[in-house]
Amino acid sequence: MPNLKCPSCDHPLQLTGNSWHCDNGHRFDRAKRGYTNLLLAQHRRSRAPGDDKAMVQARTAFLELGRYQPLADALLAGLGDDDQPWLDIGCGEGWYTCQFAQRLGSDNGVGVDISKFAVDAAAKRDRALTWLVASGARLPLFNDSQQRIFVLFTRLFTDDIARVLKPGGELIVVGTGEQHLLPLREALYEEVRQSGFDAGKFLDARFTQIDSQDIHLEWIPDDEQELQNLLAMTPHHWRAKPEAKAGIGKLVGKAMNAHFVIQRWRRI
Ligand SMILES: C[S@@+](CC[C@H](N)C(=O)[O-])C[C@H]1O[C@@H](n2cnc3c(N)ncnc32)[C@H](O)[C@@H]1O
Ligand SMILES: [Zn+2]
């Protein structure tokens, strides 16, 4: 069981029955589904921060088609099978997290997301993993406690990652490369912006890069629902004009591509 710290006073939390508590009397009940909300009201910017229910459902439906399995496989291929604490920040509904758990162990793992809907869905997938509603900016974990941290398609909170990662520990970051979803972006925008991914823009001298790997995938979307789910997983869902979004059905049956960048960094 991972060691958690109290978000109110930083003392260790202990699990008794279905509630975590510290020696200062702060208590956090574990929901029936098996996750715990450690996000304090004063640290929430909105009532329901992070991805909403519809976004979580769209992502689940898309990921379960398996189109992105080669990315998960590439991530797994880079892992050892040591028995060390690990963490997935912005874990969403845990599709990747649970695959990491099969290799690295559920008992040592923590999945953190600021969205209650995402963590609620994740907790259904693996009862043995510790699932937390918390912000990546204020992890309820102790300094130098993690051997491995995953950050997939979400913001890098450099200071807290540096704080909880052990010296010598590994940070695995995944972002989207410049070619990502090119046919979709061409259908949505008159001019397609090129933007590559480099975690180095956010990391500093506390980290040193181990390697960087580009993953290119191609597949044929089955139907418009698949494309709408894919769109709902991306920032284009917010950015693109409604009429452009309504027209993506024309991409059914045509090649779609994904371009991911996996970067591994070591904590000095
Ligand atoms: C694009 S999704 C990626 C989810 C998952 N890593 C995956 O690849 O399937 C980004 C996730 O980051 C979460 N998120 C956003 N801000 C966050 C924060 N401050 N702390 C933790 N998670 C956050 C969102 O709720 C969402 O689930
Ligand atoms: Zn406390």
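Things worth noting here:
- A single entry from 117, 142 fulfils the requirement of being within 16 Å of ligand 2 (Cβ to nearest atom), out of contact with any Ser or Thr (no Cβ under 9 Å at 6 or more places or on another chain) and either within 24 Å of residue 77 (Cα to Cα) or of a type in the set (Phe, Trp, Tyr) (or both): 142.
- Unmet criterion (only one of (1) assigned to a loop (DSSP other than H, G, I, E, B); (2) open to solvent by less than 60 Å² (accessible area, probe 1.4 Å); (3) closer than 17 Å to residue 123 by Cα) for residue 49: (3)
- Failed item in (1) within 16 Å of the chain's Cα centre (by Cα); (2) farther than 20 Å from residue 75 by Cβ, with residue 163 passing the rest: (1)
- When residue 58 is tested against (1) among the small types (Gly, Ala, Ser); (2) out of contact with any His (no Cβ under 9 Å at 6 or more places or on another chain); (3) closer than 24 Å to residue 225 by Cα; (4) modelled with pLDDT of 95 or more, just one condition goes unmet, and that condition is (2).
- Test result for residue 186, under 22 Å from the mean Cα position of the chain (by Cα), charged (D, E, K, R) and either over 18 Å from residue 151 (Cβ atoms) or part of a helix (DSSP H, G or I) (or both): no
- All positions within the stretch 132-183 that are in a loop (DSSP other than H, G, I, E, B) and of a type in the set (D, E, K, R): 138, 144, 155, 178
- The stretch 32-46 - residue that is of a type in the set (A, V, I, L, M, F, W, C) and away from ligand 1 (no atom under 13 Å from the Cβ) and, of those, most open to solvent (accessible area, probe 1.4 Å): 41
- Close pairs from the stretch 23-43: first under 21 Å from residue 92 (Cβ atoms), partner open to solvent by 60 Å² or more (accessible area, probe 1.4 Å) and outside any loop (DSSP other than H, G, I, E, B), Cβ under 6 Å, at least 6 apart: 36/30
- Selected residue [open to solvent by less than 20 Å² (accessible area, probe 1.4 Å), more than 10 Å from ligand 1 (Cβ to nearest atom), without any contact (Cβ under 8 Å) to a residue 60 or more places away in the chain and not charged (D, E, K, R)] from 104, 141, 165, 181: 104
- Considering the stretch 52-69, and only residues there that are assigned to a helix (DSSP H, G or I) and open to solvent by 60 Å² or more (accessible area, probe 1.4 Å), the residue that is farthest from residue 122 (Cα to Cα) turns out to be 54.
- Residue among 10, 23, 29, 81 that alone is open to solvent by 30 Å² or more (accessible area, probe 1.4 Å), part of a strand (DSSP E or B) and more than 16 Å from ligand 1 (Cβ to nearest atom): 29
- Close pairs from the stretch 226-243: first closer than 14 Å to residue 56 by Cα, partner surrounded by fewer than 16 Cβ atoms within 10 Å (Cβ to Cβ) and of a type in the set (Gly, Ala, Ser), Cβ under 6 Å, at least 6 apart: none
The values are calculated or read from the model by the stated rules, or taken from the named source; none is laboratory data. The structure presented is a predicted model; accordingly, all values stated were derived computationally and were not measured. Here Cβ is always computed from backbone atoms with ideal geometry, including for glycine, and neighbour counts include all displayed protein chains. In case anyone asks, the SASA skips ligands and DNA or RNA and just uses the protein heavy atoms, side chains included. Shrake-Rupley method; radii C 1.70, N 1.55, O 1.52, S 1.80 Å.
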